[in-house]
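K.L.:
Starting off with a structure, shown below.
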Amino acid sequence: MMLRQILATLTILFAGLILGAALWVDDWIDRTELPPLTLETGVEVLDRDGDLLRAYTVENGRWRLPISYDAVDPTFIEMLVAYEDRRFWTHPGVDLRAFARAAWQRITTGRVVSGGSTLTMQVARLLEDSGTGVWEGKLRQIRLALALERHLTKEEILTLYLHLAPYGGNLEGIRAATLTWFGTEPERLTAAQSALLVAIPQAPNSRRPDRFPEAAEIARNRVLSRAVTFTNLTEAEIAWARYEAIPTERRGFPALAAHIADRAILERPTQGTHHLTLDRTLQAQMERLATRAVTGLGPQISTAIMVMDHETGEILASVGSPDYTDTTRDGFVDMTQAVRSPGSALKPLIYGLAMDAGLIHPETLVQDRPISIAGYAPQNFDEVFRGEVTASEALQLSLNIPAVTLLDEVGPHQMLAAMGRADMEVSLPLGEEPGLAIALGGIGTTMEDLMRLYAGIARGGVAAPLHWREGDEVEDGQRILSETAAWYLGDMLSGVVPPPNAPRIGLSYKTGTSYGHRDAWAFGFDGQHVIGVWMGRPDGASVPGAFGAELSAPLLFEAFAHLGDRPSPRPAPPPGALTLSNAQLPETLRRFDPAETIADAGGPAITFPPEGAVLSYQPGLPVMARVAEGQPPFTWLWNGAPVGIGLRDREIALDVGQGFGELTVIDASGRAESRDVEIAN
């Protein structure tokens, strides 16, 4: 009887001790101070489809990118649990059976055969960066693992592992690993890739595939061997996986659209993920095109390309320089945002405003001859005057005189107001009022703002709501030009001769070259897209021989080729458009010739050949001569004999023989100038 009472008492005491211990452990776990469970991840910039454009590191230059549990290939999860922690889904954070097995193996073999750490314990260690072999650290891992299991779901614990697992060097987390070793996102992995990603975190530095491919392959195959038994993979699938090559090079992280990505972060520095309107594939194509375009042009030449859907206002590609890291070309400078002279790129706006003012029609005849307006006497780029031409021809040839004459009638302030309606920002020399020089590029603006202008022309005269961030609320812009004037401009610009070897696809485009050959521009549009191209030096230095038509226009046509076989068709003529010849126009629209602007240019001046020139004689090839000033038509004489009579062109091909001679030109008013020239063999 006494013994029974003693046993009962001992049982009660033991049970009390067990209960007390359990209560103490329960309280011990509840009192666990958890580390921060919200992890810092690198900022990422995504394209319109959610594909990665550019990623940024976290502190100390580590790559750790955001990832969700559902965004990882299930095969990887299955292999990870099978290899690291088979009872992960059922244990409370600590696997006593695994501990016992590890301890027994240590006793019987004298070495560590397997570990007893669960995936939850590994997460605990990674969260606090604690060691693996110190008992104090191991006890902390156990306590934290038990606490984590009380606060998080199993999927949330695995998600922490997916962010923190080390993959060699400065790589943390599965997404950084898959992008580095395979160049892909972790949602679709092969069995071999999953196995390698399971193996590397056990010894991240000694199993780095780029440094120790043999060790990485052995570890991967060990994981595959376990997968035969504990996963749904077949033996045939495992066999194929063993033959898959180990990646031996570390890939760079995506760095597309570097400038606009920096801009997005600068505008919203606290935002972790930025969704842009860009198209990743098109962006990559434009960046390769930009790199190819500057090859061989000198180490300081740069370029910028923008692609826009003018129907929506979305920027589809934005290349600020050929190489963001190229310091020789100042690649860090975003030339889509730099204030530059637009050269002749603003001329279409002048013609559009003049058409809206009822001054001209595309077939109106305008004068291309010397002018002087309040002392301002501009010249054409080639110093040749062509006399009377249609407005279409004047714009297509980018003649300066008609543009300045039209702007004088429209008014510079009206032009600036139209640019304001296009949401363009402009800069003028400090303290100066806008003058007629803005017709030829005497103003500062950006490539992005010029894209706004051409998009407005392309979409019927209404400014496009340019934007590059997904989800931004945008409103339709103001009307810049009438629908009729905008359509006229598209039709006129479609007649510009394409660059050599470029397809004649009816693209509406305009080139521009700023003063001193500092900027070479080309802008083009079809029924849906606008593309802009700039070439030059970011430091603003002159590039001798750089012309928009020669440098930027071919690049423009190449860029359009990436959008499809043919440009999207432009809209049909609006109801108010007059598709008539000059003779069919109303009398007031047949000719634009404000008499007060015509300069008294004096007599004609032979600009080539110069006095005393010795020209090379080549049988069958003519000798060229050129005249400026004077009033056409012109008569040309060689040693007093006429070689050209009643010519309106200012350039003539002379068919003369060898020897000395006097070249004379006589204008319509009878004024003349002569040059002594030698034609030598």
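To keep it simple, each residue is scored yes or no on (1) modelled with pLDDT of 95 or more; (2) buried (at least 22 other Cβ atoms within 10 Å of the Cβ).
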{"site": "A284", "(1), (2)": "yes, no"}
{"site": "L289", "(1), (2)": "yes, no"}
{"site": "T295", "(1), (2)": "no, no"}
{"site": "I301", "(1), (2)": "no, no"}
{"site": "M306", "(1), (2)": "yes, yes"}
{"site": "T336", "(1), (2)": "yes, yes"}
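K.L.:
Now for a different question. So if I check each of D323, D279, which one is touching a Gly at 6+ places or on another chain (Cβ under 7 Å) and among the acidic types (D, E)?
P.N.:
Residue meeting the stated conditions: D323.
K.L.:
Quick check: anything in the stretch 612-624 at pLDDT 80 or above, closer than 22 Å to P370 by Cβ and of a type outside the set (A, V, I, L, M)?
P.N.:
no
K.L.:
Which one of the conditions (1) open to solvent by less than 40 Å² (accessible area, probe 1.4 Å); (2) of a type in the set (S, T, N, Q); (3) within 16 Å of F523 (Cβ to Cβ) does N380 fail to meet, given that it meets all the rest?
P.N.:
Answer for N380: the failing condition is (3).
K.L.:
Let me ask something else. Only one of L160, L197, L127 is assigned to a helix (DSSP H, G or I), under 41 Å from the mean Cα position of the chain (by Cα) and modelled with pLDDT under 95. Can you tell me which?
P.N.:
So the residue among L160, L197, L127 that is assigned to a helix (DSSP H, G or I), under 41 Å from the mean Cα position of the chain (by Cα) and modelled with pLDDT under 95 is L127.
K.L.:
A follow-up question, please. From the list E409, E388, which residue is surrounded by fewer than 24 Cβ atoms within 10 Å (Cβ to Cβ) and touching a helix residue (DSSP H, G or I) at 6+ places or on another chain (Cβ under 8 Å)?
P.N.:
Result: E409 is the single residue among E409, E388 that is surrounded by fewer than 24 Cβ atoms within 10 Å (Cβ to Cβ) and touching a helix residue (DSSP H, G or I) at 6+ places or on another chain (Cβ under 8 Å).
K.L.:
Just one of A357, A317 is under 25 Å from I480 (Cα atoms), touching a residue at least 12 places away in the same chain (Cβ under 8 Å) and surrounded by fewer than 19 Cβ atoms within 10 Å (Cβ to Cβ); which is it?
P.N.:
None of the others qualify; the one that does is A357.
K.L.:
If the requirement is being within 21 Å of F76 (Cα to Cα), surrounded by 13 or more Cβ atoms within 10 Å (Cβ to Cβ) and not basic (K, R), which of these qualifies: L256, L224?
P.N.:
None of the others qualify; the one that does is L224.
K.L.:
What about G516, is it closer than 30 Å to D49 by Cβ, open to solvent by 10 Å² or more (accessible area, probe 1.4 Å), of a type in the set (G, A, S) and at pLDDT below 95?
P.N.:
no
K.L.:
Moving on. Quickly run through the stretch 288-319 and pick out the residues that are over 26 Å from I457 (Cα atoms) and of a type in the set (D, E, K, R).
P.N.:
R288, R292
K.L.:
So, in the stretch 61-91, exactly how many residues are more than 28 Å from the chain's Cα centre (by Cα) and either farther than 27 Å from R280 by Cα or surrounded by 18 or more Cβ atoms within 10 Å (Cβ to Cβ) (or both)?
P.N.:
19
K.L.:
Now for a separate question. Select from the stretch 391-401 the residues that are open to solvent by less than 20 Å² (accessible area, probe 1.4 Å) and in contact (Cβ under 8 Å) with a residue 60 or more places away in the chain and write down the one among them that is nearest to A357 (Cα to Cα).
P.N.:
A391
K.L.:
Oh, and also: Here are the criteria: (1) in contact with an Asp or Glu (Cβ under 9 Å, 6 or more places away or on another chain); (2) modelled with pLDDT under 90; (3) assigned to a helix (DSSP H, G or I); (4) open to solvent by 10 Å² or more (accessible area, probe 1.4 Å). Tell me which single one Q141 does not satisfy.
P.N.:
Here Q141 meets the rest and fails (4).
K.L.:
A further question on this structure: Report yes if V474 is open to solvent by less than 20 Å² (accessible area, probe 1.4 Å), closer than 28 Å to G50 by Cβ and not in a helix (DSSP H, G or I), otherwise no.
P.N.:
So V474 does not fit the description; no.
K.L.:
As an exercise: evaluate T635 against (1) surrounded by fewer than 15 Cβ atoms within 10 Å (Cβ to Cβ); (2) at pLDDT 80 or above and give the number of the one condition it does not meet.
P.N.:
Here T635 clears every test but (1).
K.L.:
While we're looking at this one, here's another question. Under 7 Å between Cβ atoms, at least 6 apart or on separate chains: pull out the pairs that start in the stretch 581-610 with a residue that is at pLDDT below 90 and crowded, with 16+ Cβ neighbours inside 10 Å and end on any residue that is part of a helix (DSSP H, G or I) and not polar (S, T, N, Q).
P.N.:
From residues that are at pLDDT below 90 and crowded, with 16+ Cβ neighbours inside 10 Å, the pairs are T597/D408.
K.L.:
Report yes if some residue within the stretch 426-435 is more than 30 Å from Q584 (Cα to Cα) and in contact with a Phe, Trp or Tyr (Cβ under 9 Å, 6 or more places away or on another chain); otherwise report no.
P.N.:
yes
The values are calculated or read from the model by the stated rules, or taken from the named source; none is laboratory data. Everything quoted here is computed from the prediction, not taken from an experiment. Using ideal geometry, Cβ is built from the backbone for each residue, glycine included, and neighbour counts are taken over all protein chains shown. For the accessible areas, the whole protein counts, side chains as well, though only heavy atoms, and no ligand, DNA or RNA atoms are used. Shrake-Rupley method; radii C 1.70, N 1.55, O 1.52, S 1.80 Å.
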